[in-house]
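> Once you've had a glance at the structure underneath, I'll fire off some questions.
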Amino acid sequence: MPARLHPPPRHALAATATALFAASLAAAWWWARGEADGRLVSWLDDAYIHMAMARDVAEHGVFGVTPHAHSSSTSSPLWVWALAALYRVFGAADWIAFALAALGGAATLWVAARILTRDMGDAGSDPGSRPAWGAAGIAVVLAAAAPVVMAFSAMEHLAHAALMLAAVDALSRALAGPPAERAPVGLAAAFAALPLLRFESLWLVALGVALALARRRHALALALAVAALAPVAAFAAWSMSHGWWAVPFPILAKTIFLADPGAPSAVDVVKMLAWYPLKRLAVNAPALLLLLVAAVVALAAAWRRAGGSPGAAWRRWRDGTPVDAGTLALAIAALGIWAHATFGSFGWGGRYEVYLFALAGAFLPPALARARWPAARVSVASAAIAILASTTAAALTHRAYVMHADLRISTAVVWQRDFWPARYVARHHAGAGIVAMNIGALTWLSEPRLTDVLALGDLETARLLASRRLTADAVRGLATRRDARVAILFDGYFRQWTGGAPPFTKIATARPLAAAEMAVAIYAVRAADGAAIAATLAAFAREAPGGVALEWEPAFAPR
């Protein structure tokens, strides 16, 4: 067996990756700081939803996007509670979320380096090739998982990636060897935390329990199921006690409540489980699809090395015969990619698939290092491998470029599109009734009495959406009954969600100069308030820094 990689190389890989990460963070901050008047700004308005909720927990004991009411406004309750705990110690400051996200990035790199160096040393790979494969794995995590960009999101995705890496690694090692007397405490703790950090982690819970049952590790399966589901059940009961649903509302709003209400046919189910994930990967994350193909190739090579029939392999698994933990971890990661593509989200900024790139970067290189590749000569197999390798490298390079190139403009858009109206409300309408769509910066800066058209922070609006009765007239009725004064809306999205135009008096359209198409419109809820709101808006526009072009409606243009 090749000699193990000793701590110095392991520490060197982790230290090198962390140093690159830190230097890149500093460079990115220098690059993007001018887009927000020197302020540290997330490129996602969603980050400020978490910050506002954490402040309300810390200062008012209210789990809500405003201190006025409980709201199911996040799919990551654990991130909100972690921020709230830090806010109680350091005070509510936005830098804390950025620092916590950066720590998640460093943890992701450290765990990935630990897995790469350990598995390279444990396995039968060529000793000369191990450093190159280890460096390739870290490069995938740095480039495709994009921890620098994700740190500037100030959200939970990097912490989730680090915890997922540790959980898959611990699960594969617990299942690969002989049965332990009890479930590893660290694995049980990870399973307890993961669903409340990101609810799509439930695929790992289901898969881990199923594998443990098939392995006849019934005590382990029970321990993992209880560890994972008890916190989820407790959160569900707590949420329902406040009138919300058992599942966080952002998940429901993006899936069930906006889906076609018709019952799916058998063909639809087959498409959802087979064709749909393949299509979603190809369209939304082609680099991840290519890594999945590479994982299947590596797993097939491992199967060939092990020999035997599927029946013999099943009997070895069921009887508890030790298996290779690295190969099992890669299989879990591959199944996770497919599960996420079937049931999970691919969204703005590529953030939802960050943890999948981290899993592929950590578990694929050791498996590839162990594979027996065809001799260096022209053949169908060698040509196919060369094409797959070059295509995957090109796709990963393209993803890295796209993820990093947009950081500056995305920061500018949030500063101009979301902070500008939020600062206006904080200056001239603090504590007033506000109808809004993007609610993060707004609630972080001003704590309004909110009517949230997207329903994340408003139970009555959420119930309208759930019953498919969220119309423009319904929004107008809510705003009138609550004595709201100002509405800050995206006209196109408003029509998409309600089926009609905003039923208010438009004052002006604010266009961020960084991306003029992402304009936000400012309305008076009551026509009689139009002139007064226009006057305060004009005064604020003269005082506020540049970056926003105001297009006034003719009746309200300053004279």
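> Taking Lys279 as the anchor, which lysines have their alpha carbon closer than 24 Å to its alpha carbon, excluding any fewer than eight residues away along the same chain?
Lys254, Lys271
> Can you pull the one-decimal nm distance between simple spin-label points at His11 and Ala430, each 7 Å off the Cα toward Cβ?
According to this spin-label approximation, the distance is 5.2 nm.
> List the chymotrypsin sites (Phe, Trp or Tyr not before Pro) within the stretch 167-239 that DSSP assigns to loop and that have no more than 11 neighbouring Cβ atoms inside 10 Å.
Those that pass, being in a loop and sparsely packed, number zero.
> For the stretch 325-344 and the stretch 184-219, what is the separation of their Cα centres, given in Å?
13
> Give the longest segment of the chain that steers clear of GluC sites (Glu not before Pro) in DSSP loops with at most 15 neighbouring Cβ atoms within 10 Å, not counting the sites themselves.
Looking at the chain, 182-516 is the longest stretch - no exposed GluC sites (Glu not before Pro) with at most 15 other Cβ atoms within 10 Å.
> Taking 0.36 nm per residue of sequence separation and subtracting the Cα-Cα distance, how much length would be gained by fully extending the chain between Ala557 and Ile251, in nm to one decimal?
106.1 nm
> Short version: ³J(HN,Hα) in whole Hz for each residue of the stretch 201-215, in order, from phi by Karplus 6.51 cos²θ - 1.76 cosθ + 1.60 (θ = phi - 60°), x for Gly and Pro, what are they?
5, 4, 4, 5, 4, 4, 5, x, 5, 5, 5, 5, 5, 5, 7
> Then there is this: Per residue, how much accessible surface does the stretch 370-448 expose to a 1.4 Å probe? Answer in Å², no decimals.
It amounts to 44 Å² per residue over the stretch 370-448.
> With a sphere of radius 13 Å drawn around the Cβ of Arg216, what net charge do the other residues whose Cβ falls strictly inside it have (Lys, Arg +1; Asp, Glu -1)?
Here the count lands on +4.
> Also, quick follow-up: In Å², and per residue, what accessible area does the stretch 22-152 have when probed at 1.4 Å with the other protein chains present?
Here the per-residue accessible area is 34 Å².
> In addition: If you find the alpha carbon centre of the stretch 487-559 and of the stretch 134-165, how far apart are they in angstrom?
Cα centroid to Cα centroid, the span is 38 Å.
> Would you mind checking which residues have amide H under 5 Å from Ile507's amide H? H placed 1.01 Å from N; only 5 or more apart, or other chain.
Ile522, Tyr523, Ala524
> Continuing with the same structure: Cα gyration tensor of the stretch 479-530, axes a ≥ b ≥ c as square roots of the eigenvalues: rounded (a/c below 1.5), prolate (a/b > b/c) or oblate?
Since a/c reaches 1.5 but b/c is at least a/b, the shape of the stretch 479-530 is classed as oblate.
> Residue by residue through the stretch 336-345, which ³J(HN,Hα) values in whole Hz follow from phi under the Karplus form 6.51 cos²θ - 1.76 cosθ + 1.60 (θ = phi - 60°), with glycine and proline marked x?
x, 4, 5, 5, 5, 5, 7, 10, x, 10
> Something else: For Val486, enumerate residues with amide H under 5 Å from its amide H, sequence gap 5+ or separate chain, H modeled in the peptide plane.
Val435, Val525
> A further question on this structure: Carbon and sulfur together cover what percent of the accessible area of the chain at a 1.4 Å probe radius?
65
> So what is the calculated 222 nm ellipticity per residue for the chain, using -39500 (n - 2.57) for each DSSP H run with n of 4 or more, over all residues, to the nearest 500 deg cm²/dmol?
Value at 222 nm, helices only, nearest 500: -20000 deg cm²/dmol.
> If you compute log10 I(q)/I(0) by the Debye sum over Cα atoms at q = 0.05, 0.08, 0.09 Å⁻¹ for the structure shown, which of (i) -0.36, -0.69, -0.80; (ii) -0.43, -0.86, -0.96; (iii) -0.23, -0.59, -0.73 do you land on?
(iii)
> List every residue whose amide H lies under 5 Å from the amide H of Val65, counting only residues 5 or more places away in sequence or on a different chain, with H placed 1.01 Å from N in the peptide plane.
Amide H neighbours of Val65: Ser71.
> Also, quick follow-up: State in Å² the accessible area per residue of the stretch 178-224; use a 1.4 Å probe, count heavy atoms of protein chains only, and round to the nearest integer.
45
The values are calculated or read from the model by the stated rules, or taken from the named source; none is laboratory data. Keep in mind it's a predicted model, so treat the numbers as computed, not measured. Cβ sites come from the backbone with ideal geometry, for glycine too, and all protein chains shown count toward neighbours. The protein model used for the area step is the full one, side chains on, heavy atoms only, and it has no ligands, DNA or RNA in it. Shrake-Rupley method; radii C 1.70, N 1.55, O 1.52, S 1.80 Å.
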